[in-house]
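The values are calculated or read from the model by the stated rules, or taken from the named source; none is laboratory data. Since the structure is predicted, the reported quantities are computational estimates derived from the model, not experimental observations. All Cβ positions, even for glycine, are placed from backbone atoms using ideal geometry, and neighbour counts span all protein chains on display. With ligands, DNA and RNA removed, areas are computed over all heavy atoms of the protein, side chains included. Shrake-Rupley method; radii C 1.70, N 1.55, O 1.52, S 1.80 Å.
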Amino acid sequence: MIRNLLLFLSFLVFFSFGQNIRAQEQKPSYVLVIHGGAGVITKKNMTPEKEKQYTAKLKEALQAGEKVLKNGGSSLDAVTASILVMENSPLFNAGKGAVFTAEGTNEMDASIMDGRDLNAGAVASVRHIKNPILGARAVMEHTPHVLIIGEGAEEVAAKNGVELVDTSYFFTQKRWDYFQKVKKEKEEVEKHGTVGAVALDMHGNLAAGTSTGGMTYKMKGRVGDSPIIGAGTYADNNTCAVSATGHGEYFMRYVVTYDITALMKYKGYSLQKAANEVIMHKLKDVGGDGGIIAVDKNGNISMTFNTPGMFRGYVTSEEKSEVRIYKD
Ligand code: ASP
């Protein structure tokens, strides 16, 4: 009883320090962390109904990934499983529900990275791959390249059994209405969103993946940080796995996900210290909105963001699990 109380109190203390979560006293056998985008996500902008939908979908994404990890599956498969759930949901800006470019089209980016050997795959500006994360995986597993764009990426996907769809599949009224609004008012708020997942599996392997429709009203051909290894996604078994969301131009210029791993590797920072340094100082100081989710090789979790909210959640082998939306 007292032990449980102490455990709970120490959990609260850790949690209050910038979303740093020590998964448990000993290394957990697996950990999964997901995000569904960061931005101006406040209670004021949300209805209880919408809140419920997001929470339920995030839980479903966690369950899909955890099922893989629990059965001894790989972090790569877990990350893929979680991202698929979010890509297939119109709630998030990835796959179905991707935002519109200035031309009124959908152009999606995604990447995945294997912490064992730093192998990685990515697709950018794809318009027909139903699940861009599967396209990224096909590039990693079936080509000698890391990043393939547009039609070339779609050909790789098709050749490897990844489903292609008509562009109309990605249409959602909500994103279209918002695109029209941005077009008319040149509105500057909340133009982004992305999904991502990172995992540590029972074999001690880390993986990270990220998928996005990019930013509403982006120029045709614009590519953000999400498919750029080291900017939007990074995983290295020696340090951590990270997936980012936010204003991609800043995340590319500040090489955010690699910078976090580099601070751990070269300066010996803890995961949370590295995440704070990059997200709450370097990026925040220059107006780079967004956040990251990460797990390190010991199972420590970070969910750090400098925006009012970030859709996020985690689950560990110790049956600790949580889904959160707002800052507090
Ligand atoms: N980082 C994504 C991009 O710039 C958008 C986001 O995460 O909100 O394309």
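Would you pull out the residues with amide H under 5 Å of Phe100's amide H, same chain only if 5 or more places away, H placed 1.01 Å from N?
Distant-sequence amide H within range of Phe100: Tyr217.
Express in % the proportion of alpha carbon pairs of the range 62-120 at distances exceeding 13 Å.
67
Tabulate in residue order the Karplus-calculated ³J(HN,Hα) for the range 258-273, using 6.51 cos²θ - 1.76 cosθ + 1.60 with θ = phi - 60°, rounded to whole Hz; enter x for Gly and Pro.
The phi angles translate into 6, 4, 5, 5, 5, 4, 5, 6, 9, 10, x, 5, 6, 4, 5, 5 Hz.
For the chain, what is the largest minus smallest coordinate of the Cα atoms on each principal axis, given in angstrom and ordered from greatest to least?
Extents along the principal axes, in whole Å: 59, 45, 35.
Report, in degrees rounded to the nearest 10, the 0 to 90 angle that the Cα long axis of helix 48-70 makes with the longest principal axis of the chain.
70
In a solvent-free Debye calculation with one equal scatterer on each Cα, what is log10 I(q)/I(0) for the range 183-254 at q = 0.23, 0.24 Å⁻¹, listed in the order of the q values?
With one equal scatterer per Cα and no solvent, log10 I(q)/I(0) is -0.98, -1.03.
Measure nothing fancy, just the Cα-based angle from helix 132-142's long axis to the longest principal axis of the chain, in degrees from 0 to 90, nearest 10.
For helix 132-142, the angle is close to 80 degrees.
Based on the mean of other beta carbon atoms within 10 Å per residue, what is the order of 278-290, 134-146, 201-213, most packed first? It would help to have the intermediate numbers written out before the result.
Numbers: 278-290: 18.2, 134-146: 20.9, 201-213: 26.8.
Put in order of decreasing packing, that is 201-213, 134-146, 278-290.
What pairs from Lys174/Lys218; Lys52/Lys96; Lys43/Lys327; Lys59/Lys284; Lys57/Lys320; Lys43/Lys320 go past 21 Å between their alpha carbons? Spell out each step's value before the answer.
Numbers: Lys174/Lys218 17 Å; Lys52/Lys96 19 Å; Lys43/Lys327 10 Å; Lys59/Lys284 29 Å; Lys57/Lys320 18 Å; Lys43/Lys320 25 Å.
Going by Cα-Cα distance, Lys59/Lys284; Lys43/Lys320 fall outside the 21 Å limit.
Above 29 Å lies some portion of the pair distances; for the range 102-258, what is it as a whole percent of all C-alpha pairs?
Roughly 17 percent, rounded to a whole number.
Run through every distinct alpha carbon pair of the range 80-152 and return the Kirkwood hydrodynamic radius in angstroms, one decimal place.
Details: mean 1/r = 0.0804 Å⁻¹.
Evaluated on the range 80-152, it is 12.4 Å.
Relative contact order for the chain: what percent, with Cα pairs under 8 Å and sequence separation of 6 or more? Display every interim value, and only then the final one.
Details: 873 pairs, mean separation 82.5, N = 328.
Result for the chain is 25 percent.
Angle, helix 173-185 long axis vs. longest principal axis of the chain, Cα atoms, 0 to 90°, nearest 10?
70
Within a Cβ distance under 10 Å of Gly204, other residues only, what is the Lys/Arg minus Asp/Glu net charge?
On the way: positive: Lys27, Arg116, Lys297; negative: Asp201.
Around Gly204, the charge tally is +2.
How big is the Kirkwood radius of the range 228-269, worked out from every pair of different alpha carbons and given in Å to one decimal?
On the way: mean 1/r = 0.0994 Å⁻¹.
Hydrodynamic radius (Kirkwood, Cα pairs) of the range 228-269 is 10.1 Å.
When N counts the residues of the range 180-328, how does its alpha-carbon radius of gyration compare numerically with 2.2 N^0.38 Å, as a ratio? Please report the intermediate quantities before stating the final value.
On the way: Rg = 15.3 Å, N = 149, 2.2 N^0.38 = 14.7 Å.
Taking the Cα Rg and dividing by 2.2 N^0.38 Å, one obtains 1.04.
Along the range 291-306, what does the Karplus equation 6.51 cos²θ - 1.76 cosθ + 1.60 (θ = phi - 60°) give for ³J(HN,Hα), rounded to whole Hz, x for Gly and Pro?
x, 9, 10, 7, 9, 9, 5, 9, x, 6, 10, 10, 10, 10, 8, 10
With θ set to phi - 60° and the Karplus curve 6.51 cos²θ - 1.76 cosθ + 1.60, what are the ³J(HN,Hα) couplings of the range 73-89 in order, to the nearest whole Hz, using x for Gly and Pro?
Result, rounded to whole Hz: x, 8, 4, 4, 5, 5, 4, 4, 4, 5, 5, 4, 4, 6, 5, 7, 9.
What number comes out for accessible area per residue over the chain if the probe is 1.4 Å? Units Å², please. Intermediate values should be presented prior to the final figure.
On the way: 13830 Å² over 328 residues.
With the other protein chains kept in place, the chain gives 42 Å² per residue.
In the chain, carbon and sulfur make up what percent of the accessible area (probe 1.4 Å)?
Values: 7480 of 13830 Å².
It is 54 percent, rounded to a whole number.
Report D for the range 136-176 in µm² per second (integer): Stokes-Einstein, Kirkwood Rh on Cα pairs, 25 °C, 0.890 mPa s.
Estimated diffusion coefficient is 214 µm²/s.
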